[in-house]
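K.L.:
Take this structure first; my questions come after.
The values are calculated or read from the model by the stated rules, or taken from the named source; none is laboratory data. Every value quoted in this text rests on a predicted model; they were computed, and no experiment measured them. Using ideal geometry, Cβ is built from the backbone for each residue, glycine included, and neighbour counts are taken over all protein chains shown.
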């Protein structure tokens with residue numbers, strides 16, 4: 001038999017065109033992009049799985065303004081984000097309590113605060129109330145120079161996948177209740193009287209009811225008897241520690257011209273005379289935010305020779 005003839009078919013290679021090269025490169029780039037996106041997605045998913053709850057706290061409360069009638073507090077809320085992505089706080093709900101009684105509320109449902117990744121953000125809120133509101137809530141605050149207060153509430157933070165997270169916050173401290181010093185006209189006495197005039201002694205009691213020190217400056221007075229001014233002058237500045245009471249004796253020398261003949265005869269004859277004391281003093285508290293108006297006082301005593 002004749003040997004088998006092996007037929008070999010040779011295919012010619014297709015020519016490599018520039019268009020084919022471009023298609024190949026595009027496909028490779030697309031594959032790389034998909035791989036990177038998948039890798040990024042895996043990383044993001046892992047970050048979400050590892051998400052930690054953020055923290056919120058009231059770091060402090062400062063006095064913004066203080067008067068005899070009202071108070072404004074500035075509440076600092078610090079937000080801490082331990083996660084590798086920015087979070088948003090979307091709601092702040094705070095209550096002010098005085099001696100356990102809710103006095104004021106602050107709700108900011110539309111506030112949007114961005115808390116940076118692995119960072120902190122501080123937000124400040126004012127809370128204003130009046131001492132009249134405090135007295136109404138507590139049934140009176142007479143004799144109180146300090147009040148216990150607390151700030152309580154929650155902060156809502158929006159978190160990926162986990163949704164809304166409410167974080168409780170609280171803070172407590174004491175608040176001063178400012179009061180003007182009290183000046184009492186205790187007595188006036190006649191030490192001596194003759195044709196040269198009268199020697200009097202004026203006894204005052206000055207009290208500081210505050211939980212902080214107070215100085216009295218430009219302490220001026222006017223003294224009238226039977227409708228006639230018999231003396232006026234300035235007393236020495238007075239420093240009053242917190243809760244302190246001082247007795248102040250003021251010797252007065254009134255000449256006959258100032259005293260007048262009618263008053264001289266009344267006192268010489270042993271008759272009682274009504275004496276009116278008026279005055280004013282600048283109040284300088286050891287509390288910079290409180291800048292009260294000058295203190296004025298008026299009192300009446302009977303002078304018994």
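K.L.:
Go through (1) without any contact (Cβ under 8 Å) to a residue 40 or more places away in the chain; (2) over 34 Å from the mean Cα position of the chain (by Cα) one by one and return the number of the condition residue 253 breaks.
P.N.:
Result: residue 253 passes all but (1).
K.L.:
Going by what's in this entry, would residue 180 be described as in a loop (DSSP other than H, G, I, E, B) and either buried (at least 16 other Cβ atoms within 10 Å of the Cβ) or in the same structural domain as residue 281 (by TED's automatic domain parsing) (or both)? Walk me through how you get there before you give the answer.
P.N.:
Numbers: in a loop (DSSP other than H, G, I, E, B): yes; either buried (at least 16 other Cβ atoms within 10 Å of the Cβ) or in the same structural domain as residue 281 (by TED's automatic domain parsing) (or both): yes.
Yes: the conditions hold for residue 180.
K.L.:
Does residue 71 satisfy being under 18 Å from residue 153 (Cβ atoms) and either modelled with pLDDT of 90 or more or not assigned by TED's automatic domain parsing to the domain that holds residue 146 (or both)? Steps first, please.
P.N.:
Values: under 18 Å from residue 153 (Cβ atoms): no; either modelled with pLDDT of 90 or more or not assigned by TED's automatic domain parsing to the domain that holds residue 146 (or both): yes.
For residue 71, the condition - under 18 Å from residue 153 (Cβ atoms) and either modelled with pLDDT of 90 or more or not assigned by TED's automatic domain parsing to the domain that holds residue 146 (or both) - is not met.
K.L.:
Filter the stretch 81-95 for residues that are in contact with a strand residue (DSSP E or B) (Cβ under 7 Å, 6 or more places away or on another chain) and either touching a residue at least 60 places away in the same chain (Cβ under 8 Å) or buried (at least 19 other Cβ atoms within 10 Å of the Cβ) (or both) and give the result.
P.N.:
Let us first name the residues in the stretch 81-95 that are in contact with a strand residue (DSSP E or B) (Cβ under 7 Å, 6 or more places away or on another chain), namely 81, 86-95.
Scanning the stretch 81-95 gives 81, 87, 88, 89, 90, 91, 92, 93, 94.
K.L.:
Ok, one more. Name the residue that is farthest from residue 192 (Cα to Cα), counting only residues in the stretch 231-250 that are without any contact (Cβ under 8 Å) to a residue 24 or more places away in the chain and assigned to a loop (DSSP other than H, G, I, E, B).
P.N.:
237
K.L.:
With the condition kept exactly as written, say whether any residue in the stretch 293-302 is over 30 Å from residue 72 (Cβ atoms), surrounded by 16 or more Cβ atoms within 10 Å (Cβ to Cβ) and touching a strand residue (DSSP E or B) at 6+ places or on another chain (Cβ under 8 Å).
P.N.:
Yes, the stretch 293-302 contains at least one residue that is over 30 Å from residue 72 (Cβ atoms), surrounded by 16 or more Cβ atoms within 10 Å (Cβ to Cβ) and touching a strand residue (DSSP E or B) at 6+ places or on another chain (Cβ under 8 Å).
K.L.:
Still on this structure: Report yes if residue 201 is more than 30 Å from residue 290 (Cβ to Cβ), in a strand (DSSP E or B) and in contact (Cβ under 8 Å) with a residue 24 or more places away in the chain, otherwise no.
P.N.:
In short, yes.
K.L.:
I'd like to know if the stretch 246-256 contains one or more residues that are surrounded by 15 or more Cβ atoms within 10 Å (Cβ to Cβ), modelled with pLDDT under 95 and over 22 Å from residue 298 (Cβ atoms).
P.N.:
Yes, the conditions are met somewhere in the stretch 246-256.
K.L.:
A follow-up question, please. Determine which member of the set 239, 211, 225, 198 is crowded, with 16+ Cβ neighbours inside 10 Å and at pLDDT 95 or above.
P.N.:
Residue meeting the stated conditions: 211.
K.L.:
Output the residues belonging to the stretch 106-138 that are in a strand (DSSP E or B), surrounded by 15 or more Cβ atoms within 10 Å (Cβ to Cβ) and without any contact (Cβ under 8 Å) to a residue 60 or more places away in the chain.
P.N.:
106, 108, 113, 121, 123, 125, 127, 129, listed by residue number.
K.L.:
Hey, another quick one. Conditions first: (1) modelled with pLDDT under 95; (2) closer than 30 Å to residue 250 by Cβ; (3) not in a strand (DSSP E or B). Residue 191 passes all but one, so which condition is the exception?
P.N.:
Looking at each condition in turn, residue 191 falls short on (3).
K.L.:
Quick check on my filter: what residues within the stretch 144-168 are at pLDDT 90 or above and in a loop (DSSP other than H, G, I, E, B)?
P.N.:
Once the filter is applied, which keeps residues that are at pLDDT 90 or above and in a loop (DSSP other than H, G, I, E, B), the stretch 144-168 yields 144, 145.
K.L.:
Tell me, yes or no, whether the stretch 75-87 has at least one residue that is within 30 Å of residue 134 (Cβ to Cβ) and not in a strand (DSSP E or B).
P.N.:
no
K.L.:
Please verify whether the stretch 278-297 includes one or more residues that are part of a strand (DSSP E or B) and over 30 Å from residue 66 (Cα atoms). First the steps, then the outcome.
P.N.:
Of all residues in the stretch 278-297, those part of a strand (DSSP E or B) come to 278-285, 295-297.
Filter again for over 30 Å from residue 66 (Cα atoms), leaving none.
So far as the stretch 278-297 goes, no, none of its residues is part of a strand (DSSP E or B) and over 30 Å from residue 66 (Cα atoms).
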